[in-house]
Amino acid sequence: MIPVSIVVKILQETGLIVYIGKALAPLMSVMGLPGEMGLVWASAMMGNIYAGIITYFSIGIELTTAQITVLGTIILIAHTFPVELAITHKAGMKAGAAFLFRFLLGFLAGVILFQTYNICNLYQNIPTGIEKVVAIASNATWGGWALGELKNYAIVFCYITGLIIIMDILKRIGVIDKINRWFYPVLKFLGIGKEVIPITVIGMTLGLAYGGGLIINDVKQSNLHPRNVLYALMLMSLFHSVIEDSLLMISIGASVSGVFVFRFIFMLIVMFLFVRVTKNWSEKRMGKWFYA
């Protein structure tokens with residue numbers, strides 16, 4: 001995250017961030033976001049969610065709750081590509097297909113969510129507390145910037161530590177196991193094979209890296225059908241680390257209606273349609289487009 005902060009500061013000082021914002025404005029404006037938020041999304045995709053958050057704080061533009069929710073939702077769908085696409089590829093899905101799948105659907109989700117909030121006039125307020133962080137991060141002096149960034153790192157550290165504690169408590173009291181059982185019938189309804197449902201649920205709750213790792217291990221030890229593996233990977237790509245990552249976005253001002261409820265419904269619709277469309281495709285055709 002530290003190199004990301006330095007790069008953003010250099011872009012600000014040289015004025016390049018203005019040009020980047022203008023270049024990305026057409027893409028981001030369709031989602032109701034300033035062009036500079038394209039740099040935030042790119043940081044999350046090429047780095048990780050925390051790099052995206054640091055970039056957001058560093059740029060220093062105040063967003064409404066609706067805008068933060070849209071930004072958080074697209075980041076949760078498309079992030080950490082260097083690591084997660086490599087895992088996905090090794091587990092059985094082409095990296096190029098996984099990239100397009102997540103990026104394009106992330107963009108589509110952002111457009112739909114923005115239009116929904118805009119039409120219904122929801123969450124148009126600027127969340128309290130977040131603006132103070134942004135104000136410190138956007139300090140013009142190098143000394144003020146350094147102090148602001150240190151505070152941002154401390155805030156992110158507190159977020160991560162708090163989430164680790166919450167996740168550990170939820171595991172210990174059995175909440176994670178209950179959530180996993182709730183997801184079983186949903187995945188069965190979508191048409192995902194029963195042999196990959198347990199792994200898929202684990203990936204949804206604990207993360208794509210963990211779920212993908214289990215699939216890689218199972219592929220080596222057993223004969224999982226490549227189509228079921230593909231469906232599992234696609235589902236996990238859209239909807240993983242649902243508790244930890246959702247809480248992280250909520251903590252910076254996003255609404256649960258977008259980062260969790262909408263994302264869950266969006267995933268169900270996308271996977272239902274994809275499974276129904278491809279269920280009669282030949283293995284040769286599936287291999288051409290999707291299988292690693």
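Of the residues making up segment 24-48, those that are over 21 Å from I10 (Cβ atoms) and open to solvent by 40 Å² or more (accessible area, probe 1.4 Å) number 4.
Within segment 224-238, not a single residue is under 22 Å from the mean Cα position of the chain (by Cα), open to solvent by 70 Å² or more (accessible area, probe 1.4 Å) and either among the hydrophobic types (A, V, I, L, M, F, W, C) or closer than 18 Å to T200 by Cβ (or both).
Has segment 224-237 got at least one residue that is assigned to a helix (DSSP H, G or I), of a type outside the set (D, E) and under 30 Å from P127 (Cβ atoms)?
yes
I'm checking my understanding of the structure. Among residues of segment 114-130 that are assigned to a helix (DSSP H, G or I) and touching a helix residue (DSSP H, G or I) at 6+ places or on another chain (Cβ under 9 Å), which one is farthest from S29 (Cα to Cα)?
Result: I130.
Could you tell me whether V111 is assigned to a helix (DSSP H, G or I) and either at pLDDT 85 or above or touching a helix residue (DSSP H, G or I) at 6+ places or on another chain (Cβ under 8 Å) (or both)? It is true that V111 is assigned to a helix (DSSP H, G or I) and either at pLDDT 85 or above or touching a helix residue (DSSP H, G or I) at 6+ places or on another chain (Cβ under 8 Å) (or both). Screening Q67 on (1) in contact with a Gly (Cβ under 7 Å, 6 or more places away or on another chain); (2) open to solvent by less than 10 Å² (accessible area, probe 1.4 Å) shows it passes everything except condition (2).
Looking only at segment 266-292, count how many residues are open to solvent by less than 60 Å² (accessible area, probe 1.4 Å) and either basic (K, R) or assigned to a helix (DSSP H, G or I) (or both). Matching residues across segment 266-292 total 10.
Residue-wise test of (1) open to solvent by less than 10 Å² (accessible area, probe 1.4 Å); (2) over 22 Å from F290 (Cα atoms); (3) hydrophobic (A, V, I, L, M, F, W, C); (4) at pLDDT below 90.
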{"residue": "G52", "(1), (2), (3), (4)": "yes, yes, no, yes"}
{"residue": "K94", "(1), (2), (3), (4)": "no, no, no, no"}
{"residue": "N118", "(1), (2), (3), (4)": "no, yes, no, no"}
{"residue": "N125", "(1), (2), (3), (4)": "no, yes, no, no"}
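When restricted to residues that are in a helix (DSSP H, G or I) and either open to solvent by 50 Å² or more (accessible area, probe 1.4 Å) or touching a helix residue (DSSP H, G or I) at 6+ places or on another chain (Cβ under 6 Å) (or both), segment 250-261 contains 7. Residues in segment 252-265 that are within 17 Å of M236 (Cβ to Cβ) and within 13 Å of the chain's Cα centre (by Cα): V259, F260, R263, F264. Pairing each residue of segment 242-253 that is closer than 10 Å to T69 by Cα and touching a residue at least 24 places away in the same chain (Cβ under 8 Å) with any residue that is open to solvent by less than 10 Å² (accessible area, probe 1.4 Å) and small (G, A, S), provided the two are 6+ apart or on different chains, yields C-beta distances under 7 Å for M249/G72.
The values are calculated or read from the model by the stated rules, or taken from the named source; none is laboratory data. All of these numbers come straight from a predicted model, not from anything done at the bench. Heads up, the Cβs are rebuilt from the backbone with ideal geometry, glycines too, and the neighbour counts pull from every protein chain shown. For accessibility, only protein heavy atoms count, side chains too; no ligands or nucleic acids. Shrake-Rupley method; radii C 1.70, N 1.55, O 1.52, S 1.80 Å.
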